[in-house]
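Below: the structure, in structure tokens.
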Amino acid sequence: MRNALQNLDRRVIYLFVILAVALPIAFQYRVTPARLPSAEKFYDVIESMDPKEGGIALVSLDFGPNTKAENEPQAKVVIEHLMRRRIPIALLTQYALAEGFLKSVPEEIAADLMREYPGEVWEYGKDWVNLGFRPGNLLFVQSLAKSKDMAAELKRDVFGTSLKNLSVFRNVKTIRDVRLLAEFTGLVGVFDTYIQFFQTEDYVPVFGHGCTSITIPEAYIYLDSGQLDGLLEGIAGAAWYSELLSQKFSGRKEDSSMVINTALGVAHLTIIFFVLFGNIMGALGGRKAGSRRVSS
């Protein structure tokens, strides 16, 4: 029996890990996520914004299918919060593969909110605008930050409508009217470009960021320095932000972030178990081999 366990086929271990991830998702099992102060900072920033003060939130979705599992839930909870607060949103991307999310994410959230609040309306052009893919990277960000008329600089939305004809940009002129910059990415270089160049000598917008788990240590540098005002750390950050929203809005539709976070937690515990199990069996096997050599 011991030899069989020591020689356990690694494919059996892979199967257990697959089940550890799949079962919580299949049965929609969720546990309360761990509290993350960096996500609370992001939440508090939006919660403190007054819609009557005007301006917009500029939201950059710079992720594709490769980091969708983490970045999309992050973007959803933040955009949902902004819509609940009736803060107008301008969505754009510097990553061509993200264009689909600029359309699907706000439309899905608006539909959920209108089901939650019958009689209330969230509509395109008033509550959000899709600016589409904007090439240029560094040059684009610098140009936008220095613009004296952002609507004239950006010109049209993804459907070809002049931004001057949309109420989202009615009172937006310069970077000073960008009350919040929120950027979500797993790419290298995009976040750095915004944090270095989307500012002027006398104005830096409030900045919130959603990163993948592997880039959390790098993002903490900017959070500790005060250059970031809030941070969502992988799927765990999205899950805690979602929990904060659910605590305030009891009729809120639960999103997928808590289920995914729970599934990852169960998978991590499974991996830890097999690591401990392998080391224990290895130690017992080594002890038994040593005793045989002594007896011979």
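Some points to look at:
- Yes/no for residue 184 being in contact with a Phe, Trp or Tyr (Cβ under 7 Å, 6 or more places away or on another chain) and of a type in the set (A, V, I, L, M, F, W, C): yes
- Total residues in the stretch 121-167, condition of a type in the set (Ser, Thr, Tyr) and buried (at least 16 other Cβ atoms within 10 Å of the Cβ): 1
- Any hit, the stretch 129-144, residues being over 24 Å from the mean Cα position of the chain (by Cα) and more than 25 Å from residue 64 (Cα to Cα): no
- None of 20, 39, 98 is more than 30 Å from residue 163 (Cβ to Cβ), assigned to a helix (DSSP H, G or I), hydrophobic (A, V, I, L, M, F, W, C) and outside the structural domain of residue 281 (by TED's automatic domain parsing) except 39.
- The residues of the stretch 136-173 that are assigned to a loop (DSSP other than H, G, I, E, B) and either in contact with a helix residue (DSSP H, G or I) (Cβ under 8 Å, 6 or more places away or on another chain) or among the small types (Gly, Ala, Ser) (or both), listed by number, are 136, 137, 147, 155, 157, 158, 160, 171, 172, 173.
The values are calculated or read from the model by the stated rules, or taken from the named source; none is laboratory data. Predicted model only: the values in this text are computed from it and were never measured. No Cβ is skipped: glycine too gets one built from the backbone with ideal geometry, and neighbour counts run over all protein chains shown.
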